[in-house]
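The values are calculated or read from the model by the stated rules, or taken from the named source; none is laboratory data. For clarity, every value in this text was computed on a predicted model and none was experimentally measured. Glycine gets a Cβ as well: all are built from the backbone with ideal geometry, and neighbour counts include every protein chain shown.
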Amino acid sequence: MKHKKWHITLLLLLLWNVLFAQQYTNYSTKDGLPSNHVYTIMQDAKGYMWFLTDKGMVKYNGKTFKTFTTKEGLPINDVWDAFVTPDGKIWYLSKSSRLGFIENDSVFSFPNMAKNEIMNPIFSSQIQNSVYPNGPNKMFTLKDTIWEQIKEPENKLGNKDFVKIINNSNVSYLTYSYTTDNLIVYDENSTILKQFHAKNTVYHKTSRGQITENLFFWVSDKKYYILNFDTLEFKTFTFKDEIDIDSVKHARINVVGDTFQISGASFVGYLDENFHISKPFFFPPHLNAHFGFIDNKNTIWLSTFNKGVYKLPDLKQNIIYDFEGDKIQNLNRIHNNLIASVYNQGFFKYAESDKTFKPYLSVNDYIYGASEITALNTAYYFTPNIIFKEFRGERPIATFKKESLNPEYATRHLKKVVLFNSELYAIYSFGIYKIDDETFKIKADISQRGSNDLLVFNCRLIIATNSGLKEIENDAVKNVIFKTQTFKKPVLSIKPLSETELLINTDGFGSFISDLDTIRPLNGSEFLIVQDAFVKDNTIWLATNTGVLHLEKNNGEYQLVKSYGVNDGLPNNNVNSIFVDNQDLIVGTNNGLAILPIHQETQNLLLDVFIEKATYNDEVITECDNTFLYTSNNVVNLKSDIINFSEDNEILLNYKLEPIQNEWITTSSTIFNFNNLKPDHYTFNLESGTIKKQLSFTILPLWWQALWVKIMLVLIVVAVIAYLVWVVSKSVQLKKNNALIQEKMMIEIQLKALRSQMNPHFVFNSLAAIQYYINNNEIEASETYLVKFSKLIRQFFELSKETEISLNEEIKLIQNYLDIEKLRFKDKFQYHINCDDTVNTKQVKLPTMLLQPIVENAINHGIFNKVENGNVFVNVLYISEKSFKVEIIDDGVGFVNTQKPNNRKIKSSNVLEDRLKFLNKTGQWSISCTEEELNPKLSDRGSVSTFIITQL
């Protein structure tokens with residue numbers, strides 16, 4: 001046992017030495033806690049952390065604090081303990097007449113059956129999802145939303161401290177006698193199963209409770225006890241034996257998942273299968289923490305009574321921190337020692353054995369860094385007012401002080417010195433000094449504003465400036481010219497990468513690799529501020545404004561292996577300087593220094609992403625209730641929550657709402673809104689990393705939006721359109737057919753009209769007349785007749801090709817016809833053609849050979865049957881510009897005397913009627929024709945045919 005204690009003591013000393021250097025994150029009222037007085041800490045089934053304070057209960061997701069107080073329904077704000085059950089409830093315990101739980105951010109409280117009686121649950125138990133508040137001699141259970149006191153069995157157990165055991169078939173009761181210091185175990189019949197002498201097991205400072213169906217514990221300030229109901233073994237453990245601490249205040253045992261944690265005012269750890277304390281974590285004494293909790297990611301949470309909560313992630317438990325809050329300006333290798341330059345503190349030397357930095361040169365000023373001139377066996381430490389010179393093996397001395405203000409001496413603002421061509425060159429912001437290494441007297445002042453770094457490389461003195469790389473040749477500055485490109489980017493530092501190549505680190509443009517002839521960018525460093533670099537064995541470590549980049553050479557090219565940031569334990573992502581020592585990465589930032597293992601795995605502290613609340617028009621969407629009727633201008637709101645305890649708390653989420661979104665959308669928001677969604681089945685997808693969540697819901701269509709209704713409407717519309725198309729096409733076809741019929745009939749009528757005009761009797765009689773004149777040797781008359789006849793025939797054929805002619809041409813046709821008839825009838829009649837001067841006979845149109853058949857009727861049926869000579873009159877009268885009247889008058893025997901018994905009308909009249917009918921249907925003409933007798937009472941009745949012709 002003594003050997004074990006010695007090891008524990010040594011372990012404690014080492015741990016405390018390291019713990020002082022660990023970097024905790026502190027949460028207090030300035031961050032959102034309602035009070036810095038925190039009783040205890042726990043983690044619920046979802047992963048939220050809960051902090052119990054004297055001003056309410058706090059739920060924490062890594063970013064926001066949600067406080068529950070009497071305003072939200074708590075019976076009292078001073079909540080000092082709670083139990084987390086597997087079903088997600090957080091049961092709160094306090095001195096109150098009402099106790100209950102918080103579930104889904106709603107507070108439930110239930111009264112004591114003994115109205116207004118305060119419950120004092122200092123010894124409460126939790127078995128699975130049930131909690132049993134327990135105080136001295138009083139134990140309660142929740143029945144029908146009321147806390148009822150569990151009564152002792154009828155056969156009294158005596159005036160002892162009474163506890164009812166839950167869900168155990170062997171043990172039913174425990175009592176403790178303060179007079180005999182005996183712990184007594186009973187079965188359900190109040191029969192004593194076993195007694196233990198356990199002095200001081202139960203008293204006012206002891207924590208106790210049932211933690212499983214078969215285990216009960218007691219914890220005092222010096223010991224803890226475990227009783228197994230199945231075996232009835234009662235084991236005692238002392239903190240001195242377990243962790244070499246004599247006394248532990250506020251000690252308690254908690255069930256966390258499937259493990260037991262034990263904690264008090266100085267440590268937190270686990271109980272192993274034999275109930276010994278394993279993996280103890282000891283609190284730094286200066287934090288004054290009284291309780292510790294280890295969450296499911298092995299993060300340590302500490303509660304205090306005056307400083308709130310402290311957090312130490314598992315990853316940071318293996319990292320050593322130093323100079324917290326101080327600016328580390330440089331890490332330089334001097335005489336095989338690592339020297340840290342700390343602002344306003346001075347220079348510190350690294351002790352690799354215990355990984356600590358020891359004070360070396362104390363300087364309350366800005367620190368520029370240190371340089372070693374190996375050839376001179378000398379090192380220099382630079383501050384604005386003092387330069388320390390150190391020979392190997394000797395203590396540095398302040399050689400050049402502020403008092404040396406003589407401008408001949410380089411005493412202020414030097415950053416670095418190098419040896420070039422046996423001369424010492426020192427860099428400062430406005431250029432380069434060539435100085436004497438003994439006196440620091442200036443030999444030459446080489447002006448170059450914006451100088452940042454100086455390096456001797458391949459017998460060339462290279463300067464890093466704000467306008468690219470320069471070099472000094474014969475104590476004059478000239479540009480370094482590259483073949484591949486012009487390079488004028490601001491350079492912060494330069495490092496030798498190999499014997500032939502340099503690493504060039506810029507301000508905002510990443511790093512470049514160059515052989516001073518060509519230059520190329522270092523992939524993976526684009527647009528970063530690279531302030532420093534460490535190069536070793538084909539490996540590059542870059543100190544940037546976003547953390548540390550680790551690159552390794554592969555197939556001739558450097559490739560990014562890993563990046564380190566605050567989530568990997570860095571105090572700050574803005575890294576000033578870097579050094580690699582064996583397997584440790586030593587990083588200097590504006591917020592202190594960290595020593596972390598190179599091969600440490602990045603810890604993901606993103607616990608969960610889930611959809612906290614979803615509504616459709618203010619109706620909650622759940623897995624069971626996810627079907628809604630469509631409304632116009634509907635709104636779907638979804639709110640997600642993230643449990644993320646990473647140092648870099650910003651998490652990007654990817655989401656999409658299928659089927660309206662096919663591509664993922666990235667956002668940092670946790671609220672999602674969708675408006676005016678159409679009826680459909682939707683699935684909202686949310687993911688971050690490997691965590692994926694879904695929520696499905698359905699918007700049902702109204703009756704008129706239903707698919708079958710739409711199908712019916714489409715079918716009806718298609719049917720109506722088809723019917724209309726059929727009707728229209730039928731009408732069009734009918735019109736086409738009618739037009740064809742009309743055209744055919746018009747042609748037939750035209751032919752009939754032509755045939756009627758080319759009356760065979762007329763032709764025969766005309767030819768007979770010509771023969772008569774020839775036989776009678778009336779040669780002149782026969783020639784005249786023949787000329788007129790041929791001219792008329794030619795007119796008939798020419799005009800038969802036209803659908804319409806001018807009135808002037810129609811009159812000429814009639815006149816030629818009458819002349820021939822007059823010759824044939826030997827001047828038996830006279831004709832008279834009268835045309836109103838107002839009528840423009842050349843412009844006015846009428847259908848071809850419309851009038852000629854009527855004139856022919858007047859000759860053949862009126863004048864021919866008359867004994868005396870007759871007269872034919874053709875009168876044209878003006879009506880309007882497009883309308884005129886034609887009268888054809890004869891003084892013959894009339895219609896009655898020319899009608900035959902079986903044919904009431906002459907053939908030409910029938911043809912005329914048909915022709916007029918179809919001409920009027922064309923829409924081009926409006927023609928009417930009337931016939932009447934002039935003198936019905938006389939034998940020579942005479943007749944008149946009247947046409948009214950209008951061109952539409």
Mind telling me which of the residues T399, T465, T411, T439 ends up being closer than 29 Å to T506 by Cα, in the same structural domain as L502 (by TED's automatic domain parsing) and modelled with pLDDT under 90? T411
Which residue, of F420, F430, F457, is within 54 Å of the chain's Cα centre (by Cα), at pLDDT 95 or above and of a type in the set (F, W, Y)? F457
Scanning the range 218-229 for residues that are surrounded by fewer than 23 Cβ atoms within 10 Å (Cβ to Cβ) and of a type outside the set (D, E, K, R), the one nearest to P121 (Cα to Cα) turns out to be S220
Conditions first: (1) surrounded by fewer than 16 Cβ atoms within 10 Å (Cβ to Cβ); (2) at pLDDT 95 or above. D87 passes all but one, so which condition is the exception? (2)
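Yes/no matrix, rows are residues, columns are (1) buried (at least 16 other Cβ atoms within 10 Å of the Cβ); (2) touching a helix residue (DSSP H, G or I) at 6+ places or on another chain (Cβ under 9 Å):
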position	(1), (2)
I320	yes, yes
N337	no, no
A340	yes, no
K349	yes, no
V363	yes, no
T374	no, no
A379	yes, no
For the range 84-183, which fully contained strands (runs of 3 or more DSSP E) count at least 3 residues that are within 30 Å of K613 (Cα to Cα)? 90-93, 98-103, 106-111
Show me the strands (runs of 3 or more DSSP E) entirely contained within the range 568-640 in which 1 or more residues are of a type in the set (A, V, I, L, M, F, W, C), within 30 Å of F347 (Cα to Cα) and over 22 Å from the mean Cα position of the chain (by Cα). 575-581, 584-589, 592-597
The condition from (1) in contact with a Phe, Trp or Tyr (Cβ under 8 Å, 6 or more places away or on another chain); (2) more than 12 Å from F697 (Cα to Cα) that L657 misses is numbered (2)
Tell me yes or no: at least one residue of the range 468-487 is assigned by TED's automatic domain parsing to the domain that holds N452, farther than 30 Å from Q583 by Cβ, assigned to a strand (DSSP E or B) and among the hydroxyl-bearing types (S, T, Y). no
G209: passes all of (1) at negative phi; (2) surrounded by 21 or more Cβ atoms within 10 Å (Cβ to Cβ) but (1)
Out of K639, K693, K678, which single residue is among the basic types (K, R), touching a strand residue (DSSP E or B) at 6+ places or on another chain (Cβ under 9 Å) and loosely packed, with under 12 Cβ neighbours inside 10 Å? K678
Going by the structure shown, is V491 at pLDDT 90 or above, assigned by TED's automatic domain parsing to the domain that holds N538, farther than 16 Å from H413 by Cβ and in contact with a Gly (Cβ under 9 Å, 6 or more places away or on another chain)? yes
If only one of I660, I651 is surrounded by fewer than 13 Cβ atoms within 10 Å (Cβ to Cβ), under 14 Å from the mean Cα position of the chain (by Cα) and assigned to a loop (DSSP other than H, G, I, E, B), which one is it? I660
Looking for something surrounded by fewer than 16 Cβ atoms within 10 Å (Cβ to Cβ) and at pLDDT 95 or above - is there at least one such residue anywhere in the range 604-618? yes
Any idea which of (1) closer than 28 Å to V38 by Cβ; (2) crowded, with 20+ Cβ neighbours inside 10 Å is the one I165 doesn't satisfy? (1)
Need the failing condition index for I504 against (1) under 27 Å from G556 (Cα atoms); (2) not in a strand (DSSP E or B), just the number. (2)
Considering each residue of the range 363-381, count those that are over 10 Å from G346 (Cα atoms) and not in a loop (DSSP other than H, G, I, E, B), and give that number. 10
Subset of the range 794-808 [in contact with a Ser or Thr (Cβ under 9 Å, 6 or more places away or on another chain) and in a helix (DSSP H, G or I)]: L799, L807, N808
Taking S220 as the residue in question, decide whether it is at pLDDT below 95, over 57 Å from the mean Cα position of the chain (by Cα), more than 19 Å from Y132 (Cα to Cα) and of a type in the set (S, T, N, Q). no
If you take just the strands (runs of 3 or more DSSP E) that sit entirely in the range 844-941, which of them hold at least 3 residues that are modelled with pLDDT of 80 or more and within 30 Å of D827 (Cα to Cα)? 870-880, 883-890, 925-933
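Which one of these is without any contact (Cβ under 8 Å) to a residue 40 or more places away in the chain, of a type in the set (S, T, N, Q) and buried (at least 19 other Cβ atoms within 10 Å of the Cβ): T486, T506?
After applying the criteria, what remains is T506.
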From the list S106, S124, S130, pick out the single residue that is among the polar types (S, T, N, Q), touching a residue at least 40 places away in the same chain (Cβ under 8 Å) and surrounded by fewer than 20 Cβ atoms within 10 Å (Cβ to Cβ). S130
Would you be able to tell me the number of residues in the range 764-810 that are of a type outside the set (A, V, I, L, M, F, W, C), surrounded by fewer than 17 Cβ atoms within 10 Å (Cβ to Cβ) and farther than 22 Å from D827 by Cβ? 9
Has the range 5-17 got any residue that is under 37 Å from the mean Cα position of the chain (by Cα) and either modelled with pLDDT under 95 or not in a strand (DSSP E or B) (or both)? no
